[in-house]
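One structure is given below, encoded as structure tokens.
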Amino acid sequence: MYDHIIVRYGEIALKGKNRKGFVNSLKKRVKQVTTDFQGIIVTQSFDRMVVKLNGHDPDPVLAKLKTVFGIQKLSVAIRTDHDLEEIKEKSLELIRDQQKNGIKTFKVTVKRPYKQFPHRSQDMNREIGGYVLRNTEDLTVDVHNPDSELRVEIKSDGAFISCDHSEGAGGLPTNHDNKVMLMLSGGIDSPVAGYLTMKRGVKVEAVHFHSPPFTSERSRQKVEDLTRVLAQYGGDIRLHIVPFTNTQKTIQKEMPDNYSMTIMRRMMMRITERIAEQTGALAITTGESLGQVASQTIQSMNTINEVTNYPVLRPLISMDKVDIMNISRAIDTYDISIRPYEDCCTVFLPEAPKTRPKREHANKFEKYLPVDELVEEAVAGVETIIIKEKEEEFNDLL
Amino acid sequence: MIYLDNSATTQPYDEVIEAFRKTALDYYANPSSLHRKGGEVERLVRQARGSIASLLQIDSDEVVFTSGGTESNNLAIKGTAFEHMNRGKHLITSQIEHASCMESFRQLEKMGFNVTYLPVGSDGQVSKSDLAEALTKDTILVSLMHVNNEVGSIQPIKELGTIIKENSRALFHIDDVQGIGKVSLPIPDTVDLVSYSAHKFHGLKGNGLLYKRRNVSLFPLLSGGGQEKEVRSGTENVPGIVATAKALRLYLQQSQSNSEKLHHLKSKLQNELGAINEVVINTPRNSAPHITNFSIPGIKPEVLIHALEEKDIFVSTRSACSSKTAEPSHVLTALGVSNARARSAIRISLSFQSTEKEIEVFLVELKKAIHKLKQVMRY
């Protein structure tokens, strides 16, 4: 029945001079995610894009479009010619289909940017609404809170009728010049932080600290898998794997037990800043949420943050764990995050980490640590891999 | 050789065998092992699952790997019955199901479940009013075959699903072992479980799939290490899974380009069979393009099969799974076919590789065989 999907972008339509850039990157991404559906055509006008399905089932295409940041609303639509009778017929057909889903009330919204069409919006509104009411049962009009909104848009290339609207991913389309380094541990929080950062139009690269043999191949795999899920929302992602064994062992040996976690975090922050510098990332994102664990008290943040003057973005800072878990389930990272492998944060976790570390103490202890050497060594050993949106490793077998 | 028994099983594609060989040889680690080799195989299984899911337009976590159509049907039916028995003990199916469903229901009856076996019309379809009437608040499952394996009749799944969901809380299971790729069925919202078998689409025996809608819970029939998200324990048959993914992809590609040819072959076959005096066609009018069932009353089908076999032509009597019983086919009986006719049924089942030439040769040899046999035997 449906032959088009209408893509509406809310926020970016307002962005003044930057609008064009935003719309272009959005269109590029929309084309990218629909490339597997042969014959699909994407066209664009001032405040929306139209995806012509060319015979494809709308559902799988819709599922793809729902991963694209910058899209506010998605509607599956039928196109007709500029013919009032046909518009009425198709409107009725759509509403009848909606009745199968149990709708009891509806309203009609007509927009007529194509003024050559002879009928005025108000008249059409009445005409179509009346026609639908006469030909259906158990259906009434509710203009304030309808179960279904029948939208009819008269454009120069035809009339588009839709009444099945769904929410897009929201946010802003990715700007590849806005690069941010995400510290990705493998837990539940950091992928969500990455997702929320990407949502604001940012291109993310990820850093992961790997301490073989204390952390296994499986825990590295877990991080690669999480990165691949994130890549569904913004395209391929560069993942920097930092060899961290030596740093952790040295901290373990030289630093007091209750400060080892704080100092490990400071080392991670230093290394991440260096990688950010090299790749042109302008900020660091973490999955910290205030008060969640020892390293995330306000005192800890103060002490850890001391070692960098890069902006540290903490999109989860005020969220409760349940809210974070809900997002994590919605974006499909949860099942991967709960795989039970040790990561670099848990494997050396001391019995009683300091919850209120102080900058001066951390600095005093670090005098006995070869900080610069360890950072140099770690940065020099970084392995960078590109995690592709599509997994292609075994394509020949499948 | 002319192989016209594709509903019994199909010849695996070369590429499928190659994928199996390579996987068995190179990726033999256990996907649950913690080491790198295990991780690699786990990725392979995940990618195979993803590939199958996207071909069937479902989510990856809705694919359960099984050992074949029989296991998929058993898991769907008994798994639902055992999981939801505290909600009710009534089950609904039809009289023309495959043995793996039929026998599951018989077992459940012995355990205290109540089963309604809906009758079918001469078109092989259950009546909508029968279904609506049979549904009660105790009904926990309706299980129906999409395309019948003996006659090729098609159940109107979409409409029946709406009736089930409007009138009950029952789960809806589809046996789509015969229909996949031949009779298009994008899985409707009303369907919760669907069974598939790899060797019916040029994959390998010992491999099956069960589509299980998200949030549908089943009682596992195999318990152990918790593979397949706890639904089906047992170390994954990795080479078989890879081979299944390969087969499904190639098969659905063929399905797109050869669907018309299959319909053409079917009408040619049925027109010419219909013109033979001794032949009665049992397959209903609106049916799957690959199955044609007919009878030659008076001639024992076994004899005819062996006569054709001498000419290197392979057809079958009925479902291979029930061909060892002497009873007339329960499917044909349910369709209202007389005993004499039901006893003398022959099934032709095509694949996308079948050619017009093969059909022509088959028809010529069939006519010769009928002519010869008519003179020597009657019963």
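The values are calculated or read from the model by the stated rules, or taken from the named source; none is laboratory data. Everything numeric in this text was worked out from a predicted model, so none of it was measured. We place every Cβ from the backbone using ideal geometry, glycine too, and count neighbours over all the protein chains shown. Side chains included, ligands, DNA and RNA excluded: accessible areas come from the protein's heavy atoms. Shrake-Rupley method; radii C 1.70, N 1.55, O 1.52, S 1.80 Å.
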Hand me the list of helices (runs of 4 or more DSSP H) wholly inside segment B:66-171 holding 1 or more residues that are within 30 Å of B:Ala243 (Cα to Cα). B:69-84, B:99-110, B:157-167
Residues of segment A:110-138 that turn out to be crowded, with 17+ Cβ neighbours inside 10 Å, closer than 14 Å to A:Glu93 by Cα and not β-branched (Val, Ile, Thr), as a count: 2
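The rows are residues; the columns are (1) modelled with pLDDT under 95; (2) assigned to a helix (DSSP H, G or I); (3) among the polar types (S, T, N, Q); (4) buried (at least 24 other Cβ atoms within 10 Å of the Cβ).
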| residue | (1), (2), (3), (4) |
| --- | --- |
| B:Ile174 | no, no, no, yes |
| B:Ser195 | no, no, yes, yes |
| B:Leu204 | no, no, no, no |
| B:Tyr211 | no, no, no, yes |
| B:Leu218 | no, no, no, yes |
| B:Arg232 | no, no, no, yes |
| B:Ala245 | no, yes, no, yes |
Residue identified as assigned to a loop (DSSP other than H, G, I, E, B) and open to solvent by 10 Å² or more (accessible area, probe 1.4 Å) among B:Gln375, B:Gln353: B:Gln353
Give the residue that is surrounded by the most Cβ atoms within 10 Å (Cβ to Cβ), with candidates limited to residues of segment B:54-65 that are in contact (Cβ under 8 Å) with a residue 12 or more places away in the chain and assigned to a helix (DSSP H, G or I). B:Glu62
Of the candidates A:Arg8, A:Arg96, A:Arg79, the one satisfying the condition of being in contact (Cβ under 8 Å) with a residue 24 or more places away in the chain, at negative phi and exposed (fewer than 14 other Cβ atoms within 10 Å of the Cβ) is A:Arg96
Complete set of residues in segment A:272-286 that are in contact with a helix residue (DSSP H, G or I) (Cβ under 7 Å, 6 or more places away or on another chain) and either among the hydroxyl-bearing types (Ser, Thr, Tyr) or open to solvent by less than 10 Å² (accessible area, probe 1.4 Å) (or both): A:Ile275, A:Ile284, A:Thr285, A:Thr286
Could you please give the count of residues in segment B:84-104 that are of a type in the set (Gly, Ala, Ser) and either more than 24 Å from B:Val151 (Cα to Cα) or open to solvent by 40 Å² or more (accessible area, probe 1.4 Å) (or both)? 1
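Results for (1) free of Cβ contacts under 8 Å to residues at least 60 places away in the same chain; (2) charged (D, E, K, R); (3) under 30 Å from B:Phe362 (Cα atoms); (4) more than 11 Å from chain A (Cβ to nearest Cβ), shown as yes or no for each residue.
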residue: B:Ile2; (1), (2), (3), (4): no, no, yes, yes
residue: B:Asn6; (1), (2), (3), (4): no, no, yes, yes
residue: B:Gln11; (1), (2), (3), (4): no, no, yes, yes
residue: B:Glu15; (1), (2), (3), (4): no, yes, yes, no
residue: B:Phe20; (1), (2), (3), (4): no, no, no, no
residue: B:Leu25; (1), (2), (3), (4): yes, no, no, yes
residue: B:Ser32; (1), (2), (3), (4): no, no, no, no
residue: B:Lys37; (1), (2), (3), (4): yes, yes, no, no
residue: B:Glu40; (1), (2), (3), (4): yes, yes, no, no
Of the residues A:Ile317, A:Ile304, A:Ile298, only one is among the hydrophobic types (A, V, I, L, M, F, W, C) and surrounded by 20 or more Cβ atoms within 10 Å (Cβ to Cβ); which? A:Ile304
Condition check for A:Lys354: part of a loop (DSSP other than H, G, I, E, B) and surrounded by 17 or more Cβ atoms within 10 Å (Cβ to Cβ): yes
Considering B:Gly203, B:Gly226, which residue is on the phi > 0 side of the Ramachandran plot and either of a type in the set (S, T, N, Q) or within 14 Å of chain A (Cβ to nearest Cβ) (or both)? B:Gly226
Selection count where residues are within 14 Å of chain B (Cβ to nearest Cβ), in contact (Cβ under 8 Å) with a residue 60 or more places away in the chain and either in contact with a strand residue (DSSP E or B) (Cβ under 6 Å, 6 or more places away or on another chain) or more than 22 Å from A:Arg270 (Cβ to Cβ) (or both), scope segment A:193-218: 3
Residue identified as assigned by TED's automatic domain parsing to the domain that holds A:Arg29, modelled with pLDDT under 90 and out of contact with any Leu (no Cβ under 8 Å at 6 or more places or on another chain) among A:Asp123, A:Asp97, A:Asp142, A:Asp81: A:Asp97
For the subset of segment A:362-398 comprising residues that are open to solvent by 70 Å² or more (accessible area, probe 1.4 Å) and touching a residue at least 40 places away in the same chain (Cβ under 8 Å), which member is farthest from the other protein chains (Cβ to nearest Cβ)? A:Tyr368
